[in-house]
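Only one structure is covered here, and it is reproduced in the block below.
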Amino acid sequence: MNKAINVSRRQWLSRVGKTSAAGALLLSVPSYARPSAGNVVVIGGGFGGATAARYIKRRNPAINVTLVEPAKTFYTCPFTNLYFGGLRTFEQQGHGYDDLRALGVNVVHEFAAGVDASARTVRLAGGQTLAYDKLLLSPGIDFRWNSLDGYDEAAAQLAPHAWKAGAQTRLLKQQLESMPDGGTFLMAAPANPFRCPPGPYERVSMVAHYLKHNKPKSKIIILDAKDAFSKQGLFQDGWNKFYGDLIEWVPLSKDGKVVRVDAKNLSVETEFGEIHKADVLNVIPPQKAGAIAELAGVTNASGWVPIKPQTFESELVPDIYVVGDATIASPMPKSGFSANAQAKVAAAAIVNALAGKPPAQASFTNTCYSLIAPDYGISVGHLYTIKDGKLAEASGGVSPKEADANFRKLEAQYGEAWYQAIALDTWGTRA
């Protein structure tokens, strides 16, 4: 993901525009004129689930669509890092579901407690049962508690992960604000795969921005379970430019892998026995697909969900589609943009399947913007196609390494515009 960009921005926008135009063409297909065209249940109201519910209902209003999401306000992980940098409020991350209701989607704020694939039913925590013809899951991630010795849910209250937006996000921000000047913010970054590959490094950038202006004697240490990360060269150039020696990155090959956590004493132990002490300890643990995916029987031994790239239907259970972070969809990253793109493909496939039609040819895009400092953004973008039955990268790359200050400022603005646009596309709300 760190190769030099091989398409110009004009070419990139042209290709994305063609992809968007194709999506618009799909949406322009007349609705099937039937009183009822089937029942679809969608579990998870994030970038994947809310998008899928919207696009299924738009393509065929005759389909009964029920979205199951316990949260009445969904707080996004993308752009949450700006909250740590003091550039955004937590409330700006919240999105509701009124626009989906107005579209005709039945939104149920309840936990999904189980799936009976043979009976095609979803059981809710309150006891209600929902029947489906097609089920779409967008469950996000769960954590592999205790895969790091000593790190469980209780430990996360002392050493927060903040890898799901909500109470953990607020807790980490409070700890950062309470940290003494001259203290150490220590992050334990996970091995692949995990949600949002550039996320830990944007978080470090925003924490560094906060510390530089409020606690300039402080230090950030990243203990990393891998030797390379997304947009690495661009991040490190930005760190050198804005933060000097405030940030220290320790890769796997230099004993960066954390194997044990002592949350009570805010310390970690690495693979070769070195102990690191922190004032604020941010542990991002290994991850897996959200729990409902396992309950539905669509995960394999990896803990993630294998899918059919053409439709994102489960490889293991028919009539269940899975999108977003929970899936095995490499080389697409686990990102909000990916979830949104996958959801549109799955929505089209579901509508066609209910009408007895084959799926349309699928293609995908992903763009990820990261902010290193105010007015200094970087990005990675790719187009994906299906080749020999598998997802494959078609073109793309990262921001030019030699870009000037104006280019970086524009990248920061593009990132803000992207968030506004995808929030509107997903929830019908403005951020």
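A few remarks follow.
- Test set (1) in a helix (DSSP H, G or I); (2) under 19 Å from ALA394 (Cα atoms) - ALA353 fails condition number: (2)
- The stretch 281-303 - residue that is surrounded by 24 or more Cβ atoms within 10 Å (Cβ to Cβ) and over 19 Å from the mean Cα position of the chain (by Cα) and, of those, farthest from VAL204 (Cα to Cα): ALA296
- In this structure, GLU416 qualifies as farther than 12 Å from GLY238 by Cβ, at pLDDT 95 or above and part of a helix (DSSP H, G or I).
- Answer residue from the stretch 307-335, given it is assigned to a strand (DSSP E or B) and among the charged types (D, E, K, R) and is nearest to ASP388 (Cα to Cα) among those: LYS308
- ALA156 being part of a helix (DSSP H, G or I), farther than 22 Å from GLY297 by Cβ and over 24 Å from the mean Cα position of the chain (by Cα): no
- Test result for VAL261, buried (at least 24 other Cβ atoms within 10 Å of the Cβ) and part of a loop (DSSP other than H, G, I, E, B): no
- Looking across ALA225, ALA189, ALA162, ALA208, one residue alone is crowded, with 24+ Cβ neighbours inside 10 Å and in contact with a Pro (Cβ under 8 Å, 6 or more places away or on another chain). It is ALA189.
- Options PRO306, PRO374, PRO333; residue that is buried (at least 20 other Cβ atoms within 10 Å of the Cβ) and closer than 30 Å to VAL398 by Cα: PRO333
- Applying a threshold of 6 Å to beta carbon distances and a minimum spacing of six or more residues, or different chains, the list of pairs starting in the stretch 184-211 at a residue that is assigned by TED's automatic domain parsing to the domain that holds LEU281 and ending at one that is in a loop (DSSP other than H, G, I, E, B) and among the basic types (Lys, Arg) reads ALA191/LYS226; ARG195/LYS334; PRO198/LYS231.
- Test result for GLY303, in contact (Cβ under 8 Å) with a residue 60 or more places away in the chain and assigned to a loop (DSSP other than H, G, I, E, B): yes
- Criterion applied to LYS334, LYS308 was being within 30 Å of VAL258 (Cβ to Cβ) and not aliphatic (A, V, I, L, M), and the one residue passing it is LYS334.
- Taken over the stretch 377-407, the criterion of being crowded, with 20+ Cβ neighbours inside 10 Å and within 25 Å of GLN236 (Cβ to Cβ) is satisfied by GLY377, ILE378, SER379, VAL380, GLY381, HIS382, GLY396, VAL398, SER399.
- Residues in the stretch 338-353 that are surrounded by fewer than 21 Cβ atoms within 10 Å (Cβ to Cβ) and touching a residue at least 12 places away in the same chain (Cβ under 8 Å): ALA353 alone.
The values are calculated or read from the model by the stated rules, or taken from the named source; none is laboratory data. From a predicted model like this one, the values you see are computed outputs, not experimental measurements. All Cβ positions, glycine included, derive from the backbone under ideal geometry; neighbour counts span all protein chains shown.
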